1. Need one number: the % of Cα-Cα pairs in region A:271-392 sitting beyond the 20 Å mark.
2. Suppose R0 equals 45 Å. What FRET efficiency, 1/(1 + (r/R0)^6) with r the Cβ-Cβ distance, do A:S357 and B:K239 give to the nearest 0.05?
3. Please give the net charge around B:S229, taking every other residue with its beta carbon less than 9 angstrom from that of B:S229, where Lys and Arg add +1 and Asp and Glu add -1.
4. Gain in length, B:I43 to B:E218, computed as 0.36 nm per residue apart minus the alpha-carbon separation, to one decimal in nm?
5. Against the longest principal axis of chain A, how steep is helix A:318-329, in degrees 0 to 90 to the nearest 10, with axes from Cα atoms?
6. What FRET efficiency comes out for the pair B:R134/B:A187, r = Cβ-Cβ distance, R0 = 35 Å, nearest 0.05?
7. So what is the 222 nm mean residue ellipticity for the protein assembly as shown from helices alone, if each DSSP H run of at least 4 adds -39500 (n - 2.57) and you divide by all residues, rounding to the nearest 500 deg cm²/dmol?
8. Which whole number gives the average, over all residues in A:244-252, of C-beta atoms from other chains lying within 10 Å of the residue C-beta?
Number of protein chains: 2
Amino acid sequence: METAGELAPAARILLGPGPSNIHSRVLKALSTPLVGHLDPEFIRLMDETKDLLRFVFQTKNTLTLPISGTGSAGMEACLVNLIEPGDEVVVGVNGVFGSRMVDIVERCGAKPVVMETQWGNVFTPDQVQATLKRCRQPRLVALVHAETSTGAWQPLEEISPLVHQAGALFVVDAVTSLAGCPLQVDAWGIDVCYSGTQKCLSCPPGLSPVTFNQVALEVVRRRKSKVPSWYLDLTMIEKYWGEERVYHHTAPISMNYALREALRLVQEEGLEARFRRHQRNHTALAAGLGALGIALAAQEGHRLWTLNSVTIPVGVDDAVVRRQLLDDYNIEIGAGLGPLRGKVWRIGLMGESSTRSNVLFLLSALEEVLQEQGYPCALGAGVAAAQAVYVAV
Amino acid sequence: METAGELAPAARILLGPGPSNIHSRVLKALSTPLVGHLDPEFIRLMDETKDLLRFVFQTKNTLTLPISGTGSAGMEACLVNLIEPGDEVVVGVNGVFGSRMVDIVERCGAKPVVMETQWGNVFTPDQVQATLKRCRQPRLVALVHAETSTGAWQPLEEISPLVHQAGALFVVDAVTSLAGCPLQVDAWGIDVCYSGTQKCLSCPPGLSPVTFNQVALEVVRRRKSKVPSWYLDLTMIEKYWGEERVYHHTAPISMNYALREALRLVQEEGLEARFRRHQRNHTALAAGLGALGIALAAQEGHRLWTLNSVTIPVGVDDAVVRRQLLDDYNIEIGAGLGPLRGKVWRIGLMGESSTRSNVLFLLSALEEVLQEQGYPCALGAGVAAAQAVYVAV
């Protein structure tokens, strides 16, 4: 075995689909010596974290806590706790993460009712209504608020009442929207919502905040069968995070330190100011890319501020550009997933990564790399267009 | 909502059942800025981590990697990947973690064959043989190498051939033994083994190293049904950690930085030296406790070096002592679990927590606290007995 050397990774500017860059206060929190997972001091931190999560989710839900796994564990936790074998489950599939939900639904022995639209597009209330009419007794409807694979931004408010009229629960994937775009769990009638830490919260990957309202919690409590996953069984996890403090698994202490600090930073900035920052940087990037002749790929009017899916210009080599951005500029952007591989780049402007300097530096780098690839673009054109947005807004 | 203040937890000496104290180099690794989960630099770190894990597990198994969850997620990952509905699964239950495995086996729709012995005791090869004779076609036999709830140390070498003669796989829980007591996955014929990071590896909780040999991997690959958990499906996880680097979930970057550094520290110390250190500190603690009239609770000859389950003396208040150790000495020790609650304390001497100064300080603190409780013990008696061990060994 070769000896692994000292840890010395490159200083990346993380503009991919996550992780995003981490504030130094969060890194410092990570390096704080540990207390035990049942220490009264940790229990106080848990309570503070739950309060802070309620603030970012805009909810009063008692069961609001971080699952001890990444965003996908949160997705799985929400679905396996709510679904029983044989249940009808409506899933909107317009990207990778809807498809993943269908996979999980099937593993639960439930019956997915797949509602599809083109990748990059969103669902209309009419589509949801039509799908619900095909169902007998749907357990839940699951939609992705912010599709990380396409950059599409799904409106939720008008869909929620339709879901409830059909007697179903409304489950929302907010992995790439929480703390980056407006999300109001209570006001919008979302019953269950999950997210990840490594996107707009700018905390390292490893935890998945989830929130369940009382109606959803009753569904979990009235299950006829045990939750198929022991690790993700919320009836036990809530006893550790709730008043009883019953040992379930050992909470990831350091990651919880980091999440709490990341949430404190969100609180200090304020949600509205944070959303405006994300919007402004997205608008500037879009203007800059537009000046270079590069189009956003998601449906017009439904483009996320947090994750920009952009069409790779004809004749430009996807992998070469990404590799050059990484090697020569220390910038990470994301590749397309599934059918969008080679067709789009995914540029994340999330949390600490959503800054004016990152937008301008990325545009300048893209100009240089694309020009080298023979793509016709004037140096400074994209940067100037973005600057115009910053000056105006 | 009250404002959560600056993170400033107490400086604990962690002598409970985990987490253990963390080396400053591991804390520093945690605070290192992130690269992306598909960054070539992270991929190199993943390969190094796999190599280092093979070293601590003493295995050549290709599939050796950290699951993105705590030790319980590793337990669940091993079981749900190997077990299909209807399978016969032998589980040794002599503490909390055997019971947990039975629970998971049941959630898989499989048939647990429970082999029991008193908590604190271990299983003999004869018991295992007798249990296997009751089975038709057992899929696997699962035993806990180091029972964190009782401090019992289960011998494995003579049991392994019996398991294989019965055509079953041998699955071992090494959460509290890996890198603290000898464990030889390949030489002992262990097919599947899992552990946690927050015990003898002295890394924060949040990852679970697992290793599968080729025979076990074939069982996973030949499954008739999908693995019930998407998040823990090793057929997909191995494609991310293997040559293909196919995106599954976003790996917890910071936790992987920490694990790699913790493993480097193990490698630098050397496994043999590390085991001797754990043995010596355990022997000194046991001598010190003995001098105070406090007995170890696990079966004689099968007591772990890493986790000491000690009988709470009659008339002494469990919670008061633990609280006083925490408040006045910053020492955490663990409470008993399940039927042992109020009957034992669990004193962990794992990884960075297994030091001479911790043993002596804990004994001195216990002497003072117990004396205050009216328990007859002379100040310095326990410390002196431990010192005698250090001087002799």
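1. 37
2. Here the calculated transfer efficiency is 0.80.
3. Cβ neighbours under 9 Å give a net charge of -2.
4. 60.5 nm
5. Value to nearest ten degrees: 80.
6. 0.75
7. -12500 deg cm²/dmol
8. Shielding by partners across A:244-252 averages 6.
Every read-out reported here was derived from the displayed coordinates using simple, explicitly stated rules and does not represent laboratory data. Here the structure is a predicted model, which means the values were calculated and not measured. As a convention, Cβ positions derive from the backbone with ideal geometry for all residues, glycine included, and neighbour counts pool all protein chains shown.
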